[in-house]
């Protein structure tokens, strides 16, 4: 077996420098112009066939092995978040109000390093590898769809047709040395909802002459919590979270309307259907009882990420062989966080795995999307090595 750990460690200065450069210059979804430009330039320097502008700002690099075989797509997300950084790191963001607070800077840097490693082993490579550097994983950012869907729309799974996918995420919920490769559901499907409750405004001193949308909104917030506690079986998973409440402009005015937004998370399609049914029944029922009109909008953000058993088994085997000093967790590992890689894995068998990245001794254990989020860069070596090795092994087993 190729010593991918040794090769990833030898290239670590490159990986680290790229990661820190991306961290200093973060870009929001569909604005990854600088990031995508660097990615394209690095891939072109390796002699890969590069296509820019896939999914607006996405980049695809094609590496053809010397032996015939299948095509595997490796996905790496590039976008940052609208967060003011508070890490105090020497490589902190210089783009005020934008921060790599989820690890995508590391993902992009690892993707470029994997490309370097696999290009060096082109003669041993069966089939073709598509390096997919995706924009806007974090959200729609004003568009009708996110980066993964846009890349699919632009044909990233075609020409040559993709047979399998691999993707990964640095994971600050677990320490460096932990690897999570599970089968079946790993990340939840997500919906974004908006509820508008329309009443009748008036003077706060004369509530009897109004229809108070705030009272109705309060009852909706409370009643929605019964969906997960009373309508979903205890051994199944669902989340219904109201995350914003907007109503009113003055202390002595009962407003005309109230607006609530939030998210629904599920893994199972039947559970999703039940949750959405009860969601609408509860809101419309309270609206009618309180004399209010209601408007409900539910937008599907992503389906659940479901790992293919066969591809996941191969990645598990590779991880055990390659990372004998690591904790390889092959039990079902599920998080209610959502990930738009789900769209590709709906169409193509794939495996989405996690690379432990926190280090509590160095205070690198803040959660994803926190202003102080940072990770132990040792995780970059393990993630790079596993992705490179898994790509070759999955292609060999096809």
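The values are calculated or read from the model by the stated rules, or taken from the named source; none is laboratory data. Because the structure is predicted, anything quoted here is derived from the model rather than measured. Cβ atoms come from the backbone with ideal geometry, glycine included; neighbour counts cover every protein chain shown.
Residues checked against (1) within 15 Å of the chain's Cα centre (by Cα); (2) at negative phi; (3) surrounded by 19 or more Cβ atoms within 10 Å (Cβ to Cβ):
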position: 110; (1), (2), (3): no, yes, yes
position: 130; (1), (2), (3): no, yes, yes
position: 138; (1), (2), (3): yes, yes, yes
position: 143; (1), (2), (3): no, yes, no
position: 188; (1), (2), (3): yes, yes, yes
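Picking from residues in segment 147-165 that are crowded, with 22+ Cβ neighbours inside 10 Å and touching a helix residue (DSSP H, G or I) at 6+ places or on another chain (Cβ under 6 Å), the one that is nearest to residue 186 (Cα to Cα) is 165. Restricting attention to segment 82-99, does a residue exist that is in contact with a helix residue (DSSP H, G or I) (Cβ under 6 Å, 6 or more places away or on another chain) and buried (at least 20 other Cβ atoms within 10 Å of the Cβ)? Within segment 82-99 (the criterion being in contact with a helix residue (DSSP H, G or I) (Cβ under 6 Å, 6 or more places away or on another chain) and buried (at least 20 other Cβ atoms within 10 Å of the Cβ)), the answer is no, since none of the residues qualifies. Inside segment 227-247, residues that are over 17 Å from residue 192 (Cα atoms), in contact with a strand residue (DSSP E or B) (Cβ under 9 Å, 6 or more places away or on another chain) and surrounded by fewer than 16 Cβ atoms within 10 Å (Cβ to Cβ) make up a count of 1.
Could you identify the single residue in 314, 382 that is in the same structural domain as residue 16 (by TED's automatic domain parsing) and closer than 23 Å to residue 157 by Cβ? Of 314, 382, the one residue that is in the same structural domain as residue 16 (by TED's automatic domain parsing) and closer than 23 Å to residue 157 by Cβ is 314.
Rundown of residues vs (1) buried (at least 16 other Cβ atoms within 10 Å of the Cβ); (2) in contact with a helix residue (DSSP H, G or I) (Cβ under 7 Å, 6 or more places away or on another chain); (3) outside any loop (DSSP other than H, G, I, E, B), yes/no style:
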{"residue": "345", "(1), (2), (3)": "yes, no, yes"}
{"residue": "355", "(1), (2), (3)": "yes, yes, yes"}
{"residue": "358", "(1), (2), (3)": "yes, no, yes"}
{"residue": "361", "(1), (2), (3)": "no, no, yes"}
{"residue": "371", "(1), (2), (3)": "no, no, no"}
{"residue": "374", "(1), (2), (3)": "yes, no, no"}
{"residue": "386", "(1), (2), (3)": "yes, yes, yes"}
{"residue": "389", "(1), (2), (3)": "yes, yes, yes"}
{"residue": "396", "(1), (2), (3)": "no, no, yes"}
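For segment 208-255, a tally of residues being without any contact (Cβ under 8 Å) to a residue 24 or more places away in the chain, in a helix (DSSP H, G or I) and farther than 23 Å from residue 277 by Cα returns 2. Only residues that are under 30 Å from residue 317 (Cα atoms), assigned to a loop (DSSP other than H, G, I, E, B) and at pLDDT 95 or above were counted across segment 1-60, and they come to 4. With respect to the conditions (1) in contact (Cβ under 8 Å) with a residue 60 or more places away in the chain; (2) in contact with a helix residue (DSSP H, G or I) (Cβ under 9 Å, 6 or more places away or on another chain); (3) surrounded by fewer than 17 Cβ atoms within 10 Å (Cβ to Cβ), residue 262 lacks only one, and its number is (3). When restricted to residues that are exposed (fewer than 14 other Cβ atoms within 10 Å of the Cβ) and in a strand (DSSP E or B), segment 267-295 contains 1.
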